[in-house]
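Asks: Handing you a structure now.
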Amino acid sequence: MRKLTKKGNMNERIDIVLRKFRSRMTSYPPGMCPLALYRSLLQISMNQSCGKCVPCRDGLAEVDYMLKCILNGDATEETLKMMEKKCHMIAQTADCAVGVVGANLILDSLNDFADEYESHIHERRCAENVIQTIPCVTLCPAHVDVPGYIAMIKEKDYAGAVKVIRNRNPFPTACAMVCEHPCENKCRRTLVDAPLNIRGLKKYAVDQAAADTVETPKANVKTGKSVAIVGGGPSGMTAAYFLALMGHEAVVYEEHEKLGGMLRYGIPEYRLPKERLDQDIKAILGAGDIKVHYNTKIGTDITLKELRESHDAVYIGIGAQLGNRMPMENADAKNVIPAADFLQQVAIGNAPDLTGKKVVLIGGGNVAMDAARTAVRLNAESIHVFTRKRDDYTALESEIESAMQEGIRFRTLLSFLNIEADKETNEVQAVWLQPEIIAEYDQYGMMTTEHSSNYPYRFKCDLLILGVGQRSDVSELEKEGVPVNRGRILADETCTVDGMEGVFSGGDCVTGPSTAINAIAAGQVAAYNIDEYLGYHHKVNVDTVIPPAYPNPCVATGRAEIEERDPFERKADFGHVELSMTCEEAMREAGRCLRCDHYGCGVMKGGRGE
C-alpha cells in the first residue's frame, strides 16, 4: 500500500518561508548598492538550479565569484569582460530558464549600472551618494520627517506632529486625505508584518488638531524682496508658504475664485472635503506676508513681463488642469468630456444630472477613478471603465476596489477605436471597441497587446468621459518667451526655467500630471532656490523636540486600516467616505514604527529629514 509522505507539509512550510522572503524583497532599502542586490538575486537562481546542466550549475557559481571580487574591489576590467562573456555563454547554452534568466539578469545590470561597475573597479567602492537612507523619509517627495511626527503622535502631541509635517509640507490635511503615500512602499516594518499605515496616522493627527489651529513658525524679519507666484495650487502655495516664512513677500496670482488648484477643482468632495482643505490654506495665508490676487489669469489679466518688472523673482506653478481629448472624429461631440474638465464642472457647482444615463469612461488613472465615482454620485444608471491592458490601471488599488464596491464595472483588453455621434444633434451615441490579446512585454517591463481576431463591437453610452491625461495651459507663457516642449515648461532640477533670469517653475506644468505631494515637493525646492537666488540662505525651524526612540520588540502586529462608510450609503452623497481611526488603533499603529531614524539607518545626517 502506498503511504503518504511529509512532502506536502514540507512544501507548505517552504511556502511560508517564501512569503516571508517576498516581504524582505519588498522592503529592500533605498540607497543600497545595486551590485549587492544583483548578486543576491543571482544567488536565488543558483539555489533554484537542479544541477543537471554545467552552464547553470557551475557557470552561475563562477559569475557569482567574479561579482564578489568586483564588490570587494579585487577585480579589473578583464574580470568584467570575462563575466560578460560567461553570462552570454550561460544564456545561450543553459537547458532551462533558471540559467538563462540568471545570466540575463547580470547582463542587464552591466547595461543599467555601468557607472556602478566602473566605480567598484577603479575606485574600489560604490558610486557617490550610494548609501542606505531612511526609507519613508527618502521616498516621500517632500522628505517629511515621518518617524518624527509618528513619535509625536505616539506621545499624543498632535499639534507637534502637525508642526513636524509642516516643516516640509504645508498641506498636512490634504495629504492626509489624498496622498498616494509612497513613503509606505519600502517601510522596514514589512520585514516583521506589514508596512506602517503612515497616511492613516497623519489623518489621525489632523483629525485631532486642525491645521488652522496649530501655530505656524515665526516668520523671519522682512527682507524687502517680493516674489510673484503664478498659480495658487499645492505647488504655488507651498512656495508662497516657505518664502513668506523666510521674510519675503509672496504675491499669488490665481485665476480661480479660490485657492487650492486641483486639490479644490480636481479632487472630489467625498475624498477631500473642501472645509478641510481650507484649514491648510488658512494656516498658509497666516504664515507671513502673503497676498492673493484672485480671478487673475497670466497672459490675459497680467503678463509675465509685468510680473518680472514688479517682482524680484517669479515662480510659475500653474499645474495641469486641462483635460486631454483624443485625436479622432467626434472627439468634440456633445457629452464627450475629459475627466479633469468633468471634475472641475462638478466642483464649481455645474454637476449634470446623470439619472438614467449610461456612462463610459476610458482610462484607469486616479483622475479617471475620481470621475467614475463622481458619476455614481450623480445617479448614473451604469458606469463602465475600459482600458487596453491591466497596466493602464495606474490608480491606487484602494481606489479601484472602492469603485468596484460602488458598482462601477471594469473591462480590460479593449482598445478604443472611435466615437459614434448622432449626425443631427452631434450627441455621442456609442463607442467602438476592439478586443485585444496579450503580447510580449516591452523594454520597460510593461505588457503590450495586439488586436484579437474578434470583431470590434459597439457599446452604447450617453456620456463619454476621457480619462486620458491632462495638460498645462502654457500657450500665453510660450508667447512671452518661456521655453516649452510638448506642453511642458523647461526647467531644471532646481526649478530654474531654462534661459530666463529670475524665473522658476515646478510641479505638473514641468513634469506633466503627477501627484499633489510631488507638486508640494517642487514648491518647496523652488522656495529654497529662489531664496538663494535673492542672496539669502534662510532655514525654517520647527519649535518641537522629537521624543526619544525606544526599542521595538518587533512583535508581529496587524496593520490598522482606515475604514470607509458602507458603499451603499456613501455612493448616495458626496460626504467624506473615510472614517477616523480610534485612539487605540492610532496608538497601536504608531507603536509599530521601528524608528529607522535612530535604529538601522542611524541618525539622519545634516538635520532631520535631510
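Asks: What is the percent carbon and sulfur in the accessible area of segment 318-359, measuring with a 1.4 Å probe over the protein chains and ignoring ligands?
Replies: That fraction is 47 percent.
Asks: Still on this structure, please answer the following. To the nearest 500 deg cm²/dmol, what mean residue ellipticity at 222 nm is calculated for the chain from DSSP H runs of n ≥ 4 alone, each contributing -39,500 (n - 2.57), summed and divided by the residues?
Replies: Roughly -11500 deg cm²/dmol at 222 nm, from the helical runs in the chain.
Asks: What number comes out for accessible area per residue over the chain if the probe is 1.4 Å? Units Å², please.
Replies: 48
Asks: On to the next question. Starting from a Cα-only point model with no solvent, please compute log10 I(q)/I(0) by Debye for segment 466-554 at q = 0.13, 0.19, 0.20, 0.26 1/Å.
Replies: The Debye formula, applied to the Cα set alone, gives -0.57, -0.91, -0.97, -1.32.
Asks: In segment 376-438, what percent of the accessible surface is made up of carbon and sulfur (1.4 Å probe, ligands and nucleic acids excluded)?
Replies: 43
Asks: Could you tell me the largest-minus-smallest coordinate of the C-alpha atoms of segment 529-604 on each of the three principal axes, in descending order and whole angstroms?
Replies: The principal-axis extents, from largest down, are 57, 41, 20 Å.
Asks: While we're on this one: With a ≥ b ≥ c taken as the square roots of the eigenvalues of the C-alpha gyration tensor of segment 189-248, please select rounded if a/c is under 1.5 and otherwise prolate if a/b is larger than b/c or oblate if it is not?
Replies: Prolate shape, in that a/c is at least 1.5 and a/b is the bigger ratio.
Asks: Find the centroid of the Cα atoms in segment 148-191 and in segment 503-528, then give the distance between the two in whole Å.
Replies: Here the two parts' Cα centres lie 20 Å apart.
Asks: Whole percent per 10 Å bin, from 0 to the bin with the longest distance: what is P(r) over all C-alpha pairs of segment 62-157?
Replies: The calculated distribution, bin by bin, is 14, 32, 21, 16, 12, 5, 0.
Asks: For a label point 7 angstrom out from the Cα of HIS293 toward its Cβ, which stretches of segment 463-493 have the backbone nitrogen within less than 16 Å?
Replies: 477
Asks: In addition: Hey, got a sec? Which GluC sites (Glu not before Pro) in segment 387-433 land in a DSSP loop and have at most 13 other Cβ atoms within 10 Å?
Replies: Taking segment 387-433 and a limit of 13 other Cβ atoms within 10 Å, the loop GluC sites (Glu not before Pro) found are GLU424.
Asks: Hey, another quick one. Return the carbon/sulfur percentage of the accessible area of segment 237-296, one whole number, probe 1.4 Å, all protein chains in place.
Replies: Carbon-and-sulfur percentage of accessible area, whole number: 45.
Asks: Ranked highest first by average number of other Cβ atoms within 10 Å, how do 341-347, 41-47, 145-151, 300-306 line up?
Replies: Going by the mean number of other Cβ atoms within 10 Å, highest first, we get 145-151, 341-347, 41-47, 300-306.
Asks: Then there's this: Which loop-located chymotrypsin sites (Phe, Trp or Tyr not before Pro) does segment 389-447 contain, where loop means any DSSP state but H, G, I, E or B and the Cβ has at most 11 other Cβ atoms within 10 Å?
Replies: In loop regions of segment 389-447 (DSSP not H, G, I, E or B), the sparsely surrounded chymotrypsin sites (Phe, Trp or Tyr not before Pro) are TYR444.
Asks: Return one quarter of the surface area of the convex hull spanned by the alpha-carbon atoms of the chain, equal to its mean projected area, in nm².
Replies: Mean projected area for the chain: 34.7 nm², to one decimal.
The values are calculated or read from the model by the stated rules, or taken from the named source; none is laboratory data. Just so it is clear, the model here is predicted, and its values are computed rather than measured. In this analysis, Cβ positions are derived from the backbone assuming ideal geometry, glycine residues included, and neighbour counts consider all displayed protein chains. Heavy atoms of the whole protein, side chains included, go into the accessibility calculation; ligands, DNA and RNA do not. Shrake-Rupley method; radii C 1.70, N 1.55, O 1.52, S 1.80 Å.
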